[in-house]
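**Student:** Take this structure, written in structure tokens, and hold onto it; I'll ask about it next.
The values are calculated or read from the model by the stated rules, or taken from the named source; none is laboratory data. It should be emphasised that the depicted structure is a prediction, and the values quoted were computed from it without experimental measurement. In this analysis, Cβ positions are derived from the backbone assuming ideal geometry, glycine residues included, and neighbour counts consider all displayed protein chains.
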Amino acid sequence: MGVVVVSGGTNGMGRAFALGRAERGDTVVVVGRSRARGEAMAGGAVTFLPADLSGVAENRRVVAEILAEHPVVDALALFANAVSTRREVTAEGLERTFALYYLSRYLLSFGLRPALDRAARPVIVNVAGVGVTRGAVRWTDPQLSTGYSAVRAQLQAGRANDLLGAGFAARSGSRARYVLFHPGFARSGDRSGLPVVVRGLLAVASLAARPIAEAVAPIHGFVDGPPAAALTAVDRDRVLPPDFPTLDAGAAARLMDLTERLLAEREGQ
């Protein structure tokens, strides 16, 4: 039994994983935006921490509250994401998909490191799209101020998460094992903000999708028995080699530097 933090834990795979950890006897901290869904889950082994993780300040607050309450965190599972069909800018001036899908995972991974490093076998599981080679970080315009599309934003943030795993393993000095996991298409997620046509297409695709319980089963395995390597990347049932193109060490270092500059600029304002 341990302490497990789940971002994006009020819906879909995040919710299923959080409840599964509670059933296994863990203390679970669920972080999410939906107060109604979060409070419905809370009680017993589950604590709900409401937050809009697209905000840098909100992530900093979440990290501070978790560290104050839990000096030891055994696992961090990162699920938070949302598709924006139109470009949205947060109050801090960040493109929302980049802020929520990538930057929140950077802030939680590095921010919770002190508590993770006190655990016996700490692990971070970043649930994204590793194994997909489409998409790239737009180095000169990561906020997608021109040419925005929901697909481009999702692919960029997905590739940024691949580099986050490589960058954390190389730069953090943490004892936590970092796992990048692509579960494939699962019957999961809130589609209410998507156009009707897109929701219809996804509903048809869902007929062939993996059940949520099947999709999250490997994540439980990573938490119960963290890999030995500092970084492990798994695309569904396939372990990817360390030299997989989206895990490039040079690009990872470049993204870590870009992210640190971006945060310094925002927090220095």
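**Student:** Of everything in segment 120-169, what is among the polar types (S, T, N, Q), in contact with a helix residue (DSSP H, G or I) (Cβ under 9 Å, 6 or more places away or on another chain) and over 15 Å from Leu107 (Cα atoms)? Give them in sequence order.
**Tutor:** Within segment 120-169, the first condition is being among the polar types (S, T, N, Q), and the residues that meet it are 126, 133, 140, 143, 145-146, 149, 154, 156, 161.
Narrowing the set further to residues that are in contact with a helix residue (DSSP H, G or I) (Cβ under 9 Å, 6 or more places away or on another chain) leaves 126, 133, 143, 154, 156, 161.
Those that are among the polar types (S, T, N, Q), in contact with a helix residue (DSSP H, G or I) (Cβ under 9 Å, 6 or more places away or on another chain) and over 15 Å from Leu107 (Cα atoms): Thr133, Gln143, Gln154, Gln156.
**Student:** Identify, please: which residue in segment 199-246 is outside any helix (DSSP H, G or I) and under 11 Å from Phe185 (Cα atoms) and is, among those, modelled with the lowest pLDDT? Don't jump to the end; show me each part of the working.
**Tutor:** Here is the first cut: in segment 199-246, the residues outside any helix (DSSP H, G or I) are 209-211, 225-244.
Next, from what is left, pick out any that are under 11 Å from Phe185 (Cα atoms): 209-211, 236.
On the way: Ala209: 69, Arg210: 78, Pro211: 92, Arg236: 95.
Step by step, filter segment 199-246, then rank; the result is Ala209.
**Student:** Collect the residues in segment 51-75 that are within 16 Å of Leu100 (Cα to Cα), of a type outside the set (D, E, K, R) and buried (at least 17 other Cβ atoms within 10 Å of the Cβ), keeping them in residue-number order. Explain how you work it out, then say what you get.
**Tutor:** Initial filter on segment 51-75 (within 16 Å of Leu100 (Cα to Cα)): 51-63.
In the following step, the residues that additionally are of a type outside the set (D, E, K, R) were identified as 51, 53-57, 59, 62-63.
Ala51, Leu53, Ser54, Gly55, Val56, Asn59, Val62, Val63, listed by residue number.
**Student:** Follow-up. Residue by residue through segment 14-30, note down the ones that are touching a residue at least 60 places away in the same chain (Cβ under 8 Å), surrounded by 24 or more Cβ atoms within 10 Å (Cβ to Cβ) and hydrophobic (A, V, I, L, M, F, W, C).
**Tutor:** Filtering segment 14-30 for residues touching a residue at least 60 places away in the same chain (Cβ under 8 Å) gives 14, 16-17, 20-21, 24.
If we keep only those that are surrounded by 24 or more Cβ atoms within 10 Å (Cβ to Cβ) as well, we get 14, 17, 21.
Result: Phe17, single match.
**Student:** Sort out which residues of segment 172-198 are in a loop (DSSP other than H, G, I, E, B) and modelled with pLDDT of 90 or more, and write them in order of number.
**Tutor:** If we filter segment 172-198 for residues that are in a loop (DSSP other than H, G, I, E, B), which is where we start, we get 172-176, 183-185, 187-195.
Ser172, Gly173, Ser174, Arg175, Ala176, Pro183, Gly184 - these are the residues of segment 172-198 that are in a loop (DSSP other than H, G, I, E, B) and modelled with pLDDT of 90 or more.
**Student:** Now for a different question. With respect to the numbered conditions (1) of a type in the set (S, T, N, Q); (2) modelled with pLDDT of 95 or more; (3) surrounded by fewer than 24 Cβ atoms within 10 Å (Cβ to Cβ); (4) under 19 Å from Met13 (Cβ atoms), which one is the sole condition not fulfilled by Ser145?
**Tutor:** Every condition holds for Ser145 apart from (4).
**Student:** Filter segment 76-113 down to residues that are polar (S, T, N, Q) and in contact (Cβ under 8 Å) with a residue 60 or more places away in the chain and give me whichever is surrounded by the fewest Cβ atoms within 10 Å (Cβ to Cβ). Can you show your working first?
**Tutor:** So in segment 76-113, the residues polar (S, T, N, Q) come out as 81, 84-85, 90, 97, 104, 109.
So of that shortlist, the ones also in contact (Cβ under 8 Å) with a residue 60 or more places away in the chain come out as 81, 84-85, 97, 104, 109.
Working: Asn81: 24, Ser84: 19, Thr85: 14, Thr97: 27, Ser104: 26, Ser109: 23.
Among those that are polar (S, T, N, Q) and in contact (Cβ under 8 Å) with a residue 60 or more places away in the chain, it is Thr85.
**Student:** Just give me the residues in segment 159-171 being buried (at least 23 other Cβ atoms within 10 Å of the Cβ) and either out of contact with any strand residue (DSSP E or B) (no Cβ under 8 Å at 6 or more places or on another chain) or not in a helix (DSSP H, G or I) (or both), in sequence order.
**Tutor:** Within segment 159-171, Arg159, Ala160, Leu163, Gly167 meet the criteria.
**Student:** Surrounded by 22 or more Cβ atoms within 10 Å (Cβ to Cβ) and farther than 18 Å from Gln154 by Cα: is that true of Leu116 in this structure?
**Tutor:** Values: surrounded by 22 or more Cβ atoms within 10 Å (Cβ to Cβ): yes; farther than 18 Å from Gln154 by Cα: yes.
Here the answer is yes, as Leu116 does meet what is asked.
**Student:** With respect to Arg35, determine if the residue is in contact with a helix residue (DSSP H, G or I) (Cβ under 8 Å, 6 or more places away or on another chain) and surrounded by fewer than 24 Cβ atoms within 10 Å (Cβ to Cβ).
**Tutor:** Working: in contact with a helix residue (DSSP H, G or I) (Cβ under 8 Å, 6 or more places away or on another chain): no; surrounded by fewer than 24 Cβ atoms within 10 Å (Cβ to Cβ): yes.
Here the answer is no, as Arg35 does not meet what is asked.
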